[in-house]
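The values are calculated or read from the model by the stated rules, or taken from the named source; none is laboratory data. Everything numeric in this text was worked out from a predicted model, so none of it was measured. Heads up, the Cβs are rebuilt from the backbone with ideal geometry, glycines too, and the neighbour counts pull from every protein chain shown.
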Amino acid sequence: MKTLRLTSESSSELSQAARILQAGGLVAVPTETVYGLAADAADEKAVSAIFTAKGRPSDHPLIVHVSGVDQLAQWATDIPAEAYLLAEAFWPGPLTLLLKKHPQVSSVVTGGLDTIGLRNPAHPVLLGLLKKAQLGVAAPSANPYKKLSPTTADQVYASLSGKVDAVLDGGPCAVGIESTIVDLSTGNATVLRPGPITAAQMTEVLGQSVTTPTEHTVAVPGNVEAHYQPGKPLCLMTTEQLKEQITDRDSEVACVYYSQSLADSMNTQDIKMPKDKASYAQALYDTLYQLDQSEGKEIWLELPPVGEAWSDVHDRLKRAGRFWS
Ligand code: TXA
Ligand code: MG
């Protein structure tokens, strides 16, 4: 299969992307979080093709992306008031609501579960595409199974060229880390995947406590321990550990750090990360991707600050690498 590269700057190419989706094809699309691999969520065959292209097990549920809160009732049933409050506060944006699935939604999308993840993405290109094509799209991150999520169209093209119909370029992703997933299907709002919207922000909107289980008691297929992984070993170190080890590292090791106190020990291949959380998250996957392409054999990463605002970054890092010991 030849993979088309489409630019969102051309309205005829955007229309072409819409036609491909309507015809049951696969289009990698920009979102504000990471690029997604989209197919018409109402077309079982198209949705199945997503799993094949990614090499993803078919029991791992997909998120359906919709053009607005008015679409909720088309995909979900028994929708609690909390869903509308959160949608009102954070949509369009990096928040996925887990709700009871509408009986008419194919279980191919939900990996056989009776719940569905729904998100209204805050990317003008994708929103325009959803409106033009007049459909909801199932879209996991546009990476091969377990690999780093892509934040540019070039990264998608490098890994999925030949496996999807088109890659729609909408520029680099502004948020850079996957959406928060909050489960509203059980009565107690619970965070299943930490993300850019924090439990504290949702607690404030709902006026009731939104909890984040430290260990997941329910095994959700797809919520796996080893994930978001670069191709070479990623070693996670505290600032102190990195300070100690840095003196006798070999030249095959590249470092990712943020503390100014480490700067003097760093070389040209090392990457200094921004200090503020939003910029750090935006740069994270791209940084790991760049180092993965470079010649070194191993990546050492200084663990960023702890605290609720950073919980999504820590969640992804612990799945992407292993702690120094
Ligand atoms: O920001 C995002 O959410 C990106 C962009 C493309 O929208 N999408 C994304 O999708 O990260 P994916 O498939 O890579 O990750 C979705 C996660 C998976 O871990 C999956 O198991 C979980 O969401 N998930 C989806 N539907 C679910 C459901 N019904 N029940 C439990 N977990 C669900
Ligand atoms: Mg993913």
message: Being under 18 Å from residue 66 (Cβ atoms), away from ligand 1 (no atom under 11 Å from the Cβ) and assigned to a helix (DSSP H, G or I) is the filter here; which residues of region 113-161 pass it?
response: 124, 125, 127, 128, 129, 130, 131, 132, 133
- prompt: Mind checking whether some residue in region 173-182 is over 30 Å from residue 10 (Cα atoms) and more than 16 Å from ligand 2 (Cβ to nearest atom)?
  reply: yes
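Report yes if residue 164 is within 16 Å of ligand 2 (Cβ to nearest atom), over 17 Å from the mean Cα position of the chain (by Cα), assigned by TED's automatic domain parsing to the domain that holds residue 23 and not basic (Lys, Arg), otherwise no.
Against the criterion (within 16 Å of ligand 2 (Cβ to nearest atom), over 17 Å from the mean Cα position of the chain (by Cα), assigned by TED's automatic domain parsing to the domain that holds residue 23 and not basic (Lys, Arg)), residue 164 qualifies.
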- request: Among the residues of region 168-196, write down those that are near ligand 1 (Cβ under 8 Å from one of its atoms), part of a strand (DSSP E or B) and in contact with a Leu (Cβ under 8 Å, 6 or more places away or on another chain).
  value: 181, 183, 192
- prompt: So which residues in region 35-87 are part of a helix (DSSP H, G or I) and hydroxyl-bearing (Ser, Thr, Tyr), if there are any at all?
  reply: 48, 52, 84
message: Being out of contact with any Cys (no Cβ under 9 Å at 6 or more places or on another chain) and within 12 Å of ligand 1 (Cβ to nearest atom) is true for just one of 54, 45. Which residue is that?
response: 54
query: residue 99 is checked against (1) under 20 Å from the mean Cα position of the chain (by Cα); (2) surrounded by fewer than 19 Cβ atoms within 10 Å (Cβ to Cβ); (3) farther than 28 Å from residue 167 by Cα and fails just one. What number does that condition carry?
result: (2)
message: I'm trying to understand the selection: among the residues of region 298-325, which are in contact with a Pro (Cβ under 8 Å, 6 or more places away or on another chain) and of a type in the set (D, E, K, R)?
response: 298, 312, 315, 322
field: Output for region 236-262, where each listed residue is in contact with a helix residue (DSSP H, G or I) (Cβ under 9 Å, 6 or more places away or on another chain), in contact (Cβ under 8 Å) with a residue 60 or more places away in the chain and surrounded by 17 or more Cβ atoms within 10 Å (Cβ to Cβ)
entry: 236, 237, 242
query: Can you tell me which residue in region 282-320 is nearest to residue 249 (Cα to Cα), limited to those that are in contact with a Ser or Thr (Cβ under 6 Å, 6 or more places away or on another chain) and not in a helix (DSSP H, G or I)?
result: 302
- prompt: Would you call residue 204 more than 15 Å from ligand 1 (Cβ to nearest atom) and either in contact (Cβ under 8 Å) with a residue 12 or more places away in the chain or not hydrophobic (A, V, I, L, M, F, W, C) (or both)?
  reply: yes
query: Hey, among 82, 88, 32, which residue is within 10 Å of ligand 1 (Cβ to nearest atom) and farther than 19 Å from residue 223 by Cβ?
result: 32
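This table checks each residue for (1) on the phi > 0 side of the Ramachandran plot; (2) within 16 Å of ligand 2 (Cβ to nearest atom); (3) among the aliphatic types (A, V, I, L, M).
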| position | (1), (2), (3) |
| --- | --- |
| 64 | no, yes, yes |
| 88 | no, no, no |
| 102 | no, no, no |
| 106 | no, no, no |
| 110 | no, yes, no |
| 115 | no, no, no |
| 138 | no, yes, yes |
| 144 | no, yes, no |
- request: Can you tell me which residue among 249, 193 is modelled with pLDDT under 95, in contact with a strand residue (DSSP E or B) (Cβ under 8 Å, 6 or more places away or on another chain) and in the same structural domain as residue 93 (by TED's automatic domain parsing)?
  value: 193
